[in-house]
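The values are calculated or read from the model by the stated rules, or taken from the named source; none is laboratory data. Note that the structure is predicted; figures quoted are calculated from it, not measured. Glycine also receives a Cβ, built like all others from the backbone with ideal geometry; neighbour counts cover every protein chain displayed.
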Amino acid sequence: MKTSSGVRSQKSEDRKIRNWEDKKIGILNFSTSQLLNFTLLLFTFHFSLSLMGCAKKYNMYRESRILMDTFCAITVVSPSKEEAKDAIDAGFAEIKKLENLLNYFSSESEITAINRAAGENPVRINRETLEIIKKAVEIANLTNGAFDPTVGSVMRLWGFSSQDSEQSVPSEDKIKSTLRLIDYKKIKINTSASEIFLEEKGMELDLGGIAKGYAADRAIDAIKAKGIKAALVAIAGDIKGFGLKPDMQHWKVGVQNPRPEGNPPKSPHSPLWKRGVGEDFKGEQEGLSEEDIFATLYLKDKAISTSGDYQRFFIKDGKRYHHIIDPKTGYPAPEVISVSVIAPEGYLADGISTGVFVLGADKGIRLLESMGLEGIIVDANKKIFLTKNLKGKINLKKELRNG
Ligand code: AMP
Ligand code: MG
C-alpha cells in the first residue's frame with residue numbers, strides 16, 4: 001500500500017470535495033480493467049475564495065462514473081452544489097450519448113451498424129457519429145495512416161478489450177490476410193446524406209483511439225453551456241480542462257510512469273493490479289500515487305491524452321503484447337512505451353497520441369513540432385523525448401531521465 005505523504009494529503013483534500021456518489025466509486029473494486037486507461041493523476045486541491053469583494057464562495061465538486069468501459073471523473077468549480085450537480089450531469093450525459101453511438105461491442109451502436117454493412121451499403125447515421133468519423137480520418141491523414149480508425153478487424157484478432165473473452169497472439173497468416181482490411185481511404189463519407197460506407201466486406205471501424213478525447217470535448221462544451229467557468233473532465237487518460245480552480249491556479253495533471261520502480265507492470269488481470277487499484281486506493285479513484293507519476297504539468301485550457309503499452313496488454317512467453325497496433329504490420333507498435341500529447345482539443349490530443357505511438361520517437365516529435373503541439377514520448381529504453389515547446393513547462397522526475 002502506498003503511504004507517501006502525497007497520497008495522504010490527497011486523501012484529506014478529497015474528503016473535502018463534495019461527492020454525492022461515493023458509492024459509485026465502489027464499483028472500481030470489481031471493474032479493475034476499466035481503470036487501466038486512467039494514466040493521468042489529477043491533483044485536486046480544494047480552496048475557497050471570495051472573489052473581489054463578491055461574497056460567493058467557489059468550491060470544487062467532483063463525481064465519478066464508469067462510462068466508455070473506463071473510469072470517468074468530472075470536477076467543476078461552482079458557487080453552488082446544485083449548479084455543479086446540474087453541470088456534471090450534463091457532462092456525463094454527453095459521454096453516455098457518445099458511448100451509445102460508438103460502442104464497438106454493442107449490437108445497437110451506430111459503429112456496429114456501419115461495420116455490419118461494410119462492403120454492402122452505406123449507413124445513415126447521427127451527425128455526431130459522422131463528425132467523429134471525419135475527425136478520425138483527419139488524424140489518419142495527419143499521421144499518414146499511423147492512426148487508422150479501420151484497425152477494428154485486426155484488433156478483433158488480438159482481443160485486448162476487457163470485453164473480449166480471449167487474448168492470444170494471432171497466427172501470422174491470419175494477420176496478413178486481415179491487414180488488407182485496414183485502410184482509412186476506403187471510408188466513404190457522404191456529409192449531406194449523413195452516411196458512411198466502408199468499401200470492403202469485413203472492414204471494421206474502431207474509434208477507441210479517439211473517442212474518449214472527443215467525448216471529453218463534448219462534455220466540456222455541455223458544462224460550459226451551463227455557465228460553469230472552470231472544469232476538468234477526465235476519461236481514463238484523456239483529460240480536458242478549462243478555467244481556473246478556486247485557488248486561481250490552472251489544473252495540474254500528472255503523467256503515469258509507464259514502468260514504475262518496484263512495481264513492475266503485470267498483466268492487467270493479475271492480483272497485483274487488483275490490489276493496487278481496487279483496495280489499497282479505495283476512494284482514490286485515479287488509482288495512482290505521486291510515486292506512480294513521472295511528470296507533472298499545468299493544463300491551461302487544453303487537453304492531454306496519454307497512450308501507453310501498459311494500458312491494455314497481455315504477456316505471452318515473456319513478451320508483452322499491447323493494444324496499439326501498427327496498421328502496416330498488424331502487430332503492436334514496438335518503438336515506444338508511452339506518449340502524451342497536449343493539444344487545444346481532446347480529440348486531437350487523443351488521436352495524435354495514438355498515431356505518434358505508432359510512428360515512434362523521432363518521427364513523432366517531428367510531427368508534433370510541425371503541428372505546434374506539445375508532447376512527451378518515452379521510448380522502449382525509457383529515454384524521454386520532449387517537444388521543444390514543452391521545455392520549462394514540465395516537471396520531470398529523475399528516475400526516467402537517463403533511461
Ligand atoms: P489510445 O489509448 O487512445 O492510444 O487508443 C488505443 C485504442 O485505439 C486501441 O484499444 C484500439 O481500439 C485503437 N487503436 C489501436 N491501434 C490503433 C491505430 N494504429 N490507429 C487507430 N486506432 C488504434
Ligand atoms: Mg488515443
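Please enumerate the residues belonging to the stretch 123-143 that are more than 14 Å from ligand 1 (Cβ to nearest atom) and either small (Gly, Ala, Ser) or within 21 Å of the chain's Cα centre (by Cα) (or both).
If we filter the stretch 123-143 for residues that are more than 14 Å from ligand 1 (Cβ to nearest atom), which is where we start, we get 123-131, 134.
Hits for the stretch 123-143 are 128, 129, 130, 131, 134.
Can you tell me how many residues within the stretch 315-336 are modelled with pLDDT under 95, part of a strand (DSSP E or B) and in contact with a strand residue (DSSP E or B) (Cβ under 7 Å, 6 or more places away or on another chain)? I'd like the intermediate steps shown before the answer.
Keep residues of the stretch 315-336 that are modelled with pLDDT under 95, which gives 315-323.
Subset that is part of a strand (DSSP E or B): 315-316, 319-322.
Next cut, in contact with a strand residue (DSSP E or B) (Cβ under 7 Å, 6 or more places away or on another chain) only: 320-322.
Number satisfying all stated conditions: 3.
Can you tell me which of 326, 350 is under 30 Å from residue 243 (Cα atoms), among the acidic types (Asp, Glu) and within 16 Å of ligand 1 (Cβ to nearest atom)? Before the answer, list the steps.
Values: 326 fails: under 30 Å from residue 243 (Cα atoms).
Matching residue, one of 326, 350: 350.
Give me the pairs: first residue in the stretch 341-354 and aromatic (Phe, Trp, Tyr), second residue away from ligand 2 (no atom under 11 Å from the Cβ), beta-carbon distance under 6 Å, and six or more apart or on different chains, which are they?
Between residues of the stretch 341-354 that are aromatic (Phe, Trp, Tyr) and residues that are away from ligand 2 (no atom under 11 Å from the Cβ), the close pairs are 347/135; 347/217.
Within the stretch 115-122, does at least one residue satisfy the condition of being assigned to a helix (DSSP H, G or I), modelled with pLDDT of 95 or more, under 19 Å from the mean Cα position of the chain (by Cα) and buried (at least 20 other Cβ atoms within 10 Å of the Cβ)? Working first, answer last.
Of the residues in the stretch 115-122, the ones assigned to a helix (DSSP H, G or I) are 115-116.
After this cut, where a residue has to be modelled with pLDDT of 95 or more as well, the list is 115-116.
Right, trim to under 19 Å from the mean Cα position of the chain (by Cα) and you get none.
No.
Taking residue 216 as meeting all but one of (1) more than 25 Å from the chain's Cα centre (by Cα); (2) buried (at least 18 other Cβ atoms within 10 Å of the Cβ), write down the number of the exception.
Residue 216 satisfies every listed condition except (1).
Condition test on residue 206, is it away from ligand 2 (no atom under 16 Å from the Cβ), closer than 30 Å to residue 342 by Cα and either crowded, with 24+ Cβ neighbours inside 10 Å or at pLDDT 95 or above (or both)?
Values: away from ligand 2 (no atom under 16 Å from the Cβ): no; closer than 30 Å to residue 342 by Cα: yes; either crowded, with 24+ Cβ neighbours inside 10 Å or at pLDDT 95 or above (or both): yes.
Judged against the criteria, residue 206 is not a match.
Do the conditions hold for residue 130, that is, is it away from ligand 2 (no atom under 16 Å from the Cβ), surrounded by fewer than 23 Cβ atoms within 10 Å (Cβ to Cβ), among the aliphatic types (A, V, I, L, M) and more than 12 Å from residue 204 (Cα to Cα)?
Judged against the criteria, residue 130 is a match.
If I go through the stretch 149-208 residue by residue, how many of them are over 16 Å from residue 327 (Cβ atoms) and hydroxyl-bearing (Ser, Thr, Tyr)?
Number of matching residues: 8.
Modelled with pLDDT of 95 or more, more than 13 Å from ligand 2 (Cβ to nearest atom) and charged (D, E, K, R): does that describe residue 350? Please lay out each step first, then the result.
Values: modelled with pLDDT of 95 or more: yes; more than 13 Å from ligand 2 (Cβ to nearest atom): no; charged (D, E, K, R): yes.
For residue 350, the condition - modelled with pLDDT of 95 or more, more than 13 Å from ligand 2 (Cβ to nearest atom) and charged (D, E, K, R) - is not met.
Restricting attention to the stretch 353-380, report how many residues are among the hydroxyl-bearing types (Ser, Thr, Tyr) and more than 11 Å from ligand 2 (Cβ to nearest atom). Can you show your working first?
Start the filter on the stretch 353-380 by keeping residues that are among the hydroxyl-bearing types (Ser, Thr, Tyr), which leaves 353-354, 370.
Of the ones still in play, those that are also more than 11 Å from ligand 2 (Cβ to nearest atom) are 370.
Counting residues in the stretch 353-380 that are among the hydroxyl-bearing types (Ser, Thr, Tyr) and more than 11 Å from ligand 2 (Cβ to nearest atom) gives 1.
I need a count of the residues in the stretch 359-381 that are touching a strand residue (DSSP E or B) at 6+ places or on another chain (Cβ under 8 Å), in a helix (DSSP H, G or I) and surrounded by 24 or more Cβ atoms within 10 Å (Cβ to Cβ).
2
Does at least one position in the stretch 165-180 carry a residue that is touching an Asp or Glu at 6+ places or on another chain (Cβ under 8 Å) and within 27 Å of residue 311 (Cβ to Cβ)? Steps first, answer last, please.
Within the stretch 165-180, the first condition is being touching an Asp or Glu at 6+ places or on another chain (Cβ under 8 Å), and the residues that meet it are 180.
Then drop every residue that is not within 27 Å of residue 311 (Cβ to Cβ), which leaves none.
There is no residue in the stretch 165-180 that is touching an Asp or Glu at 6+ places or on another chain (Cβ under 8 Å) and within 27 Å of residue 311 (Cβ to Cβ).
If a residue must be more than 12 Å from the chain's Cα centre (by Cα), among the aromatic types (Phe, Trp, Tyr) and within 12 Å of residue 209 (Cβ to Cβ), how many such residues does the stretch 321-364 contain?
1
For the stretch 147-187: of the residues being touching a Pro at 6+ places or on another chain (Cβ under 7 Å) and modelled with pLDDT of 95 or more, which is nearest to residue 360 (Cα to Cα)?
In the first step, residues of the stretch 147-187 are kept if they are touching a Pro at 6+ places or on another chain (Cβ under 7 Å); the result is 148, 151, 157-158, 182, 184.
Going one step further and asking which of them are modelled with pLDDT of 95 or more, we end up with 148, 151, 182, 184.
On the way: 148: 15, 151: 18, 182: 20, 184: 20 Å.
So the residue we want is 148.
Out of the residues in the stretch 219-252 that are at negative phi and within 16 Å of ligand 1 (Cβ to nearest atom), state the one that is modelled with the lowest pLDDT.
The initial filter retains those residues of the stretch 219-252 that are at negative phi, namely 219-226, 228-235, 237-242, 244-247, 249-252.
Applying the additional criterion that residues be within 16 Å of ligand 1 (Cβ to nearest atom) yields 233-235, 237-240.
Values: 233: 96, 234: 93, 235: 93, 237: 88, 238: 94, 239: 95, 240: 96.
Per the criteria, the residue is 237.
Let's see how each residue does on (1) in contact (Cβ under 8 Å) with a residue 24 or more places away in the chain; (2) closer than 29 Å to residue 356 by Cα; (3) not acidic (Asp, Glu):
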{"position": "69", "(1), (2), (3)": "yes, yes, no"}
{"position": "81", "(1), (2), (3)": "yes, no, yes"}
{"position": "91", "(1), (2), (3)": "yes, yes, yes"}
{"position": "94", "(1), (2), (3)": "yes, yes, no"}
{"position": "100", "(1), (2), (3)": "no, yes, yes"}
{"position": "128", "(1), (2), (3)": "yes, yes, no"}
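Can you pull out the residues in the stretch 143-157 that are under 12 Å from residue 352 (Cα atoms) and either more than 13 Å from ligand 2 (Cβ to nearest atom) or among the small types (Gly, Ala, Ser) (or both)?
Those that are under 12 Å from residue 352 (Cα atoms) and either more than 13 Å from ligand 2 (Cβ to nearest atom) or among the small types (Gly, Ala, Ser) (or both): 144, 145, 146.
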